[in-house]
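Please read the structure below before turning to the comments.
The values are calculated or read from the model by the stated rules, or taken from the named source; none is laboratory data. All of these numbers come straight from a predicted model, not from anything done at the bench. Positions of Cβ are generated from backbone atoms using ideal geometry, with glycine treated the same way; all protein chains shown enter the neighbour counts. The area values use the complete protein model at the heavy-atom level, side chains included, leaving out ligands, DNA and RNA. Shrake-Rupley method; radii C 1.70, N 1.55, O 1.52, S 1.80 Å.
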Amino acid sequence: LLSVIGTSCAAASLGVADTIFSKKGILLISPSSTGPAQTAEGQHQAFYLRTAHNDKIQSAVVADFAIQELKATTAATIHAESPYSDGLAATFRQVFEKQGGKITNDEAIRSTDRDLKSVLNRIAKNKPDFLYYPAFLPACAQIGKQGRAISGLANTAFMTSDGCAAPEYVRVGGRGVYGTWVSVPDVTAQADQTAFYGQQFLPAYKKQFGERPISTFNAHAYDAANILFEALKRTASEDGGTLTISRTRLKDEVYKTSNYKGLSGTISCTPSGDCATAVSIEVYKVPDWPIEGGNPNAKPVFTGTKTTAEVSG
């Protein structure tokens, strides 16, 4: 085994898969693990990289949207027990306060929770302008559904992120989640790849699997596989019919990836393992979003672009 494309989330990777594989010299390239801790100094494992964005970028764009677009001055957050959820909420609070906003509540739930009324009622007492809940399904759908029925949150804008960007968000939340906001990575930011994505990649995917990609990070997975394949070509050597691939050299070749024109954007891998270094995040209003069952031609209401260097401080 030379490499694994995964994991899908930080909870399965941070201190678990990334550590196990790194000790064995096996590359782990994640297309969707976005937790900031994954590539943080002192925690990053040598054989771990990701084509997914660092959630410090997504959090900063969400804060920009809340303040600049919605004119929010107060906000509350709800996070679950995962590095993804906690990382998004924590960085959002930092950026929101840095821009002059006030955090009214910082609430924690378990991903298995179904009745969120007590948490939502605590938040409602402070009547925040904005509620950010980057949890996982189905908890995030329940937050949207149950929160809309609480009078103290009648004027609060509800927003989640890509962990909830799936058809189940609407199936579980019903009309209760209509009008909520969601942030997702923009896979069309690479202008010269937009036509390929829409005219070749998506039709080929639908022909193979019978539906559009369910995962928000489908383009990132495509890119993770392709930068690995390119590195394998540069690494492999043949001698008398025997193919040899050095694990360390393969790792080094993937890390050398620079200005690769990927489907999800331009990919340049840094020593910390972040390969998506300039990222655009889009905000949609549910149900007018490009998720299966929604509107495939939906346009974002807000787009923010940042680099890992901008949010690293």
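At a glance:
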| quantity | calculated |
| --- | --- |
| Cα-centred dipole magnitude for the chain, charges only on beta-carbon of K, R (+1) and D, E (-1), debye, nearest 20 | 520 |
| Theoretical FRET efficiency, 1/(1+(r/R0)^6), r = Cβ-Cβ of Glu230 and Thr112, R0 41 Å, to 0.05 | 0.50 |
| Cα gyration tensor, the chain - rounded (a/c under 1.5), prolate or oblate | prolate |
| Label point distance in nm, Glu168-Thr73, each placed 7 Å from Cα along Cα→Cβ | 3.9 |
| Accessible area (Å², per residue) of the chain, counting only protein heavy atoms and a probe of 1.4 Å | 44 |
| Using a Förster distance of 25 Å, the FRET efficiency for Thr248-Gln200 (Cβ separation, nearest 0.05) | 0.10 |
| Folded to 0 to 90 degrees: helix 218-235 orientation relative to the chain principal axis, Cα | 20 |
| Share of carbon and sulfur in the accessible heavy-atom surface of segment 163-243 [1.4 Å probe, %] | 51 |
| Signed unit charges on C-beta, dipole axis of the chain, positive-most listed residue Ser272, Thr308, Asn155 | Asn155 |
| Rounded FRET efficiency, nearest 0.05, which uses the C-beta distance separating Ala37 from Ala309 and R0 of 25 Å | 0.85 |
| Candidate residues Arg50, Arg175: accessible-area rank, largest first, probe 1.4 Å | Arg175, Arg50 |
| Linear extension gain, Lys299 paired with Gln94, 0.36 nm per residue minus alpha-carbon span | 71.0 nm |
| Relative contact order for the chain, counting Cα pairs under 8 Å that sit 6 or more residues apart, in percent | 18 |
| Cα-based shape type of segment 236-313, given that a ≥ b ≥ c are square roots of the gyration tensor eigenvalues and the cut on a/c is 1.5 | oblate |
| Percent RCO, i.e. relative contact order, over segment 157-313, from Cα pairs under 8 Å lying at least 6 residues apart | 25 |
| Length gained when the stretch Ala149-Asn259 is fully extended (0.36 nm per residue, less Cα-Cα span) | 34.8 nm |
| Sites matching chymotrypsin sites (Phe, Trp or Tyr not before Pro) across segment 168-259 that sit in DSSP coil, with at most 13 neighbouring C-beta atoms within 10 Å | none |
| Rounded to the nearest 20 debye, dipole of segment 94-172 from Cβ charges on Lys, Arg, Asp, Glu | 260 |
| Gaussian network model of the chain, springs between alpha carbon atoms under 10 Å - residue of Thr91, Thr248, Thr104 with greatest fluctuation | Thr248 |
